[in-house]
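Here is the structure we will look at.
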Amino acid sequence: MFDNIYIQQRIQKANALRELGINPYRNDSCVSMHNQEFLEKFSYLKDIESDKKQDFDAKIWIKGRIKFLRLMGKASFIKVEDSTALLQVYFSQNELGDLFKILKKNLDVGDIVNICGFPFVTKTGELSIHAVEFKLLTKSIIPLPEKFHGLSDIELRYRQRYVDLIVNADVRNTFIIRSKIISALRKFFEHRGFLEVETPMLHPIPGGANARPFITHHNALNVERYLRIAPELYLKRLIVGGFEAIFEINRNFRNEGIDHSHNPEFSTIEFYWAYRDFNDLINLTKDLLVYLLESLNLPKIIPFDNMQIDFDKFDIIDYKESLNIIGKIDPGIIQDKEKLEVFLTQNNIKIESNLSYDKLLSEAFDNFVESKLINPTFIINYPIDISPLARRNDSNLSIADRFELFIGGREIANGFSELNDPIDQLERFKAQVAEKEKGDMEAQYMDEDFVWALGHGMPPTAGEGIGIDRLIMLLTNNKSIKDVIFFPAMKPTTENYNINKE
């Protein structure tokens, strides 16, 4: 693994340091302040005339990774980056003595150092730290990508995210924003009286969504278990138990394809609100999105993938009407199952045989409407056949009190008034089982315990799930879900560890 010539050169430097009694992996770091704090605290020095510079008795410890080296005769400069900022360090033979020569010979970009010194401003006007003590904390034996080429191989960036984070500040910032978004989600719901809960990740029966599960085996119980595809059925059990406003932030797992908006392991927030309906959720979701923009100091209009998303414009459109208004499909085709099937086939859309009318509508929506929903749009009144856990509409039993929110041509959220009639739920599960027996791998399983729970009485409830990763893509203007997940799923490879010096 470490036989590359450039790695060997660095290993030799580490060994040379050991021979001189210097541990290249020491564990006695000292820290007074972060680099950004240093730059802010002493920024006033730039405005003081050079002949009036003040002396500093107190010495300051900073730390970080070397990102730039300029080694000269008896004085040198390095730039050190911590999690907050890049800071220039000046060190010389006058202060460090023989250690200066050792460092000059053995330092590399990528090494992690600990510097003690005082602030000063260079002749070029850059606020820096003048080193009086210098510790090499960690010797980096693998060279970083060249400064001007960067880490440009997309696949390698995802496989070696640690390198990507070291060399690309924009990537680090994306994940800092990710953390802030998740924190803001928690605050939003906690401030509104919602209780955060945790439900199982290993399920005896996969449920809560139409998706293929990952299967594992529980050795102690000698039974199959499924990584959860959604927490919905457990969260609704808690509503039955008496909790009235709950949410969960966690991961779901779906044994399906990988593309720019799908990863087998992904983060969601699901929340359930007793004595409310899906209209209340629409209003809550609007408030949530505005709150997130404000929390991140973002304007109401943000860029995303060559589009401008306007959060002052929330549209609500009926599902079937969207096929005509947005998808430009003739109403006569929309209303006729046979004509719709012919239309889809003529447009080179592969459809399975014997699909129900509602599923044909879903195919039409996915192919002719979804990508055109740029500004926040709530699509409402979904067909009941593709909404097995949602409550039927009182006025039209063929549709569900359900919505999906689309932004930037992607589904962001799915919410509905929950089905709480145990008899209706049992019949819908039976219909799903029949679909699975016909070969639909994504149809839901029968969950008798959940039906039994509903039999004890669940109050009128509204529930919603939001894809956190897609939401972060939107708010950070990233086109691929891989750019907002630290370690996305990748095909196995044996070529991860090549060093390519450009």
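Read the figures in this text as sums done on the coordinates, not as results from a lab. Everything numeric here is computed off the predicted structure, so don't read it as measured data. Note that we place each Cβ from the backbone using ideal geometry, even for glycine, and neighbour counts take in every protein chain shown.
Values as computed for the structure displayed
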item	result
C-alpha center-to-center spacing [the range 236-294, the range 362-433] in angstrom	15
Other-chain or far-sequence residues with amide H under 5 Å of ALA400's (modelled H)	TYR382, ILE384, ASN393
Within the range 175-271, trypsin sites (Lys or Arg not before Pro) in DSSP loop having at most 16 other beta-carbon neighbours inside 10 Å	ARG192
Dipole of the range 5-144 [Lys/Arg +1, Asp/Glu -1 at C-beta], most positive-end residue of HIS130, SER43, ILE141	ILE141
Sequence of TRP61, TRP452, TRP273 once ranked by neighbouring C-beta atoms within 10 Å, starting from the fewest	TRP452, TRP61, TRP273
Convex hull volume per residue in cubic angstrom - Cα atoms of the chain	212
Nonlocal amide H pairs with PHE68, under 5 Å, H built at 1.01 Å	LYS79
For SER417, SER140, order by how many other beta-carbon atoms lie within 10 Å, fewest first	SER140, SER417
Mean ellipticity per residue at 222 nm, deg cm²/dmol - from DSSP H runs of n ≥ 4 across the chain, formula -39500 (n - 2.57)	-9500 deg cm²/dmol
For ILE329, residues with placed amide H under 5 Å, excluding near neighbours	ASN324
Residues MET72, MET458, MET441, MET446, sorted so that the one with the fewest Cβ neighbours within 10 Å comes first	MET72, MET441, MET446, MET458
Size of electric dipole in the chain: Cβ of Lys, Arg +1 and of Asp, Glu -1, about Cα centre, debye, nearest 20	2540
